[in-house]
Amino acid sequence: MMKRLRLLLLSMAILGILATAGWGEAPIPGGVLSYRLASSPLTLDPAQATDESSLRGVNLIFETLVDYDSDARQVTPLLAETWETNADATVWTFHLRRGVRFHKTCGGEPTANGGREVRAQDVKYSLERLVRVRAPRVHFLDMINGYQDFASSDVTGVNDWKGIKVLDDHTLRFDLAYPFAPFLAALAYDSCGVVPSEDAEKWGKDFGLHPVGTGPFAFKVWDSGVRLSLEKNHSYWMKDTLGHPLPYVDGVDLVIEPDDLLAYEGFKGGSIDILPGCPDEAYQEAKDTLGPLGLFQQRPGMGDVYWCFNLTKEPFKDNLKLRQALNYAIDRRAISESVVKGRYCVAAGVLPPSVPGYNPRIRGYSFDLERARSLMKEAGYDKGLALTVHIAANDRQRAVAEAIQAQLAPLGIALHIQESSGAAHRTLVRQGETALSWNSWMADYVDPDNFLHVLFHSTNHGSRGNYSRYANPEVDRVLDEARKEMNWGRRIALYRRAEQLILDDAPWIFLYHYTTDIMYRDAVHGVKLAALGEYKTKLTTTWKDPR
């Protein structure tokens, strides 16, 4: 009886493993996955990558100390196997996983590191490198002791980040200047990918063209504007539950196709295996045909779409009533349903529903044309005014802008739409050259801090995230307090207070929260769309049936 029970339990376990691998079938190793990118990556250096196309490649090549599960509900081990912290969370000690090695080859050539084992010194080097190369997101770690002195080394002469201490080859300690609640979450951000000093120093500024990490895939070849090819890392440390080496596939081709409909046709024709971001025109067809087969996944995204008022420029500077009027004048739900097929979640506030701390009862801006008229009069513009909104040259941005243009017309607002290339648009916004601009934000790490502090604290004006140049001393104070509060309930109460203050000040036109989606062909198995977005979706256990 006991023997039969053991056999039954074993059979159930095996069935569970196979079902996890994909539709009850055992994974078949081999093959190359083709995965669509909407634009060419700008770099494959984790220190410099901030756009989604670059981060898609970075996430396959590099690994951080810690990671998120696919639902982004908890931080999980990655290069660090375990960690502990002291009572006030100012000292964090990480114990590295043994046997993890850097890539042996890059672009078909031997790497400078030779495929050696990762050591604690590599983590320290990688994080110090963020400061040395002036990485755009290095300030996410500015709570580590000694940051300011090390970042100002040309003045101070300090050449070591004293708050990062190597205790031995597999143990690393961080000393923080103050308790920082989202510290683990910040370490999971892509910039913290661990790199070998030998290769980073060899290539210098060109390391992004010769990337070397520890991830499941290694760099093979980059045909700019066409495809980025990665190959299986045969020395990868991770195994599946049966002890089989991962990843299953021999490689991944990131196929660059800027045209959404051409990408969709390529997917239907079989030249693309995995297609993230279904085009609006094909959305309903894809959802209806692939959804019932389990080949279409969609979930709420962790991002905002908003129009940003520059609070240092007229007519929005010191004119709260005008900013509030524009928020009340827009029927977001109508635009979502008619323009983007209901794919966006209407935003009541800053935090998306999928981010911890989301407040379903926040007081936002509903569509109220009469209230908008009254506020326009109080603002001194009862006869209307002319405005220009700057957007990137993009079909969806243009369609939404034209819908808002029509909705503002009854208030006497003549809205001119000014388009620029994506890169030019980002530069204009970051340098503060626009009075009103389209913007979006995707979470870097899963915490309300990554939205509210990054986008609204007065120390983050400009390229650090606060494009509106918003400044409110009380908001700064509450956000600073929230960062240091380790009690979750009290911390969320602080973030909710800050978010309401921000909404009342109306530094944005609050529009939508993203959804994220991905579709794949029936030969592809083991795909689970990541909560942070498709660019974070793991392909380690994805496999492709050649039959």
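What the table shows:
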| read-out | value |
| --- | --- |
| The chain: relative contact order in percent, alpha carbon pairs under 8 Å with at least 6 residues between | 19 percent |
| With at most 13 other Cβ atoms within 10 Å, longest stretch of the chain clear of loop GluC sites (Glu not before Pro) (DSSP) | 26-432 |
| Label-point separation in nm, Thr427 to Asp206, each point 7 Å along Cα→Cβ | 2.4 nm |
| Rg(Cα)/(2.2 N^0.38 Å) for region 439-520, N = residue count | 1.16 |
| Approximate spin-label separation Asp88-Ser366, in nm, with each point projected 7 Å along Cα-to-Cβ | 4.7 nm |
| For region 73-94 and region 39-57, distance of Cα centres in Å | 27 Å |
| Hydrodynamic radius by Kirkwood, which averages 1/r over all alpha carbon pairs of region 140-232, in angstrom | 16.0 Å |
| Asp504/Leu167 FRET efficiency (R0 51 Å; Cβ-Cβ; nearest 0.05) | 0.60 |
| His103, His525 arranged by Cβ crowding within 10 Å, fewest neighbours leading | His525, His103 |
| Lysines with Cα under 20 Å of Lys165, excluding same-chain neighbours fewer than 8 positions away | Lys124 |
| Estimated inter-spin distance, Glu265 and Ala414, nm [label 7 Å along Cα→Cβ] | 4.0 nm |
| Reach of Lys268 by Cα under 22 Å, taken over lysines that are not fewer than 8 positions away in the same chain | Lys287, Lys341, Lys528, Lys544 |
| Sequence-separation-based contact order of region 272-371, relative, with Cα cut under 8 Å and 6+ spacing, percent | 27 percent |
| Correct choice for Rg and Dmax of the Cα atoms in Å that was computed from the model, options [x] 24.4, 87; [y] 28.1, 90; [z] 25.2, 81 | [x] |
| Relative contact order, percent, region 301-515 [alpha-carbon distance under 8 Å, six or more residues apart] | 36 percent |
| Separation between Cα centres of region 203-222 and region 271-293, rounded to whole Å | 31 Å |
| Set of lysines near Lys321 by C-alpha distance (under 23 Å), chain-local residues within fewer than 8 positions excluded | Lys313, Lys377, Lys383 |
| Centroid-to-centroid separation of region 125-152 and region 366-443 [C-alpha atoms, Å] | 36 Å |
| Label-reachable residues, region 222-260, where backbone N falls under 14 Å from a point 7 Å from Glu281's Cα toward its Cβ | 258-260 |
| For Tyr35, Tyr358, order by how many other beta-carbon atoms lie within 10 Å, fewest first | Tyr358, Tyr35 |
| Principal semi-axes in Å for region 333-376 [√(5λ), Cα gyration tensor, largest first] | 22, 18, 6 |
| The chain - share of DSSP beta bridges that are antiparallel (%, nearest 5) | 75 percent |
| Percent of Cα pairs exceeding the 21 Å cut-off, where the set is region 301-515 | 52 percent |
| Gain on full stretching of the segment that runs from Arg98 to Thr388 - 0.36 nm per residue minus C-alpha separation | 98.8 nm |
| Ranking of Leu261, Leu65, Leu320 by count of other Cβ atoms within 10 Å, fewest first | Leu261, Leu320, Leu65 |
| Radius 11 Å from Cβ of Gly303, net charge of other residues (Lys, Arg +1; Asp, Glu -1) | -3 |
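None of the figures in this text is laboratory data; all of them are computed from the coordinates on show. As the structure is a computational prediction, the values presented were derived from the model and not from experiment. Backbone-built Cβ (ideal geometry, glycine too); neighbour counts: all protein chains shown.
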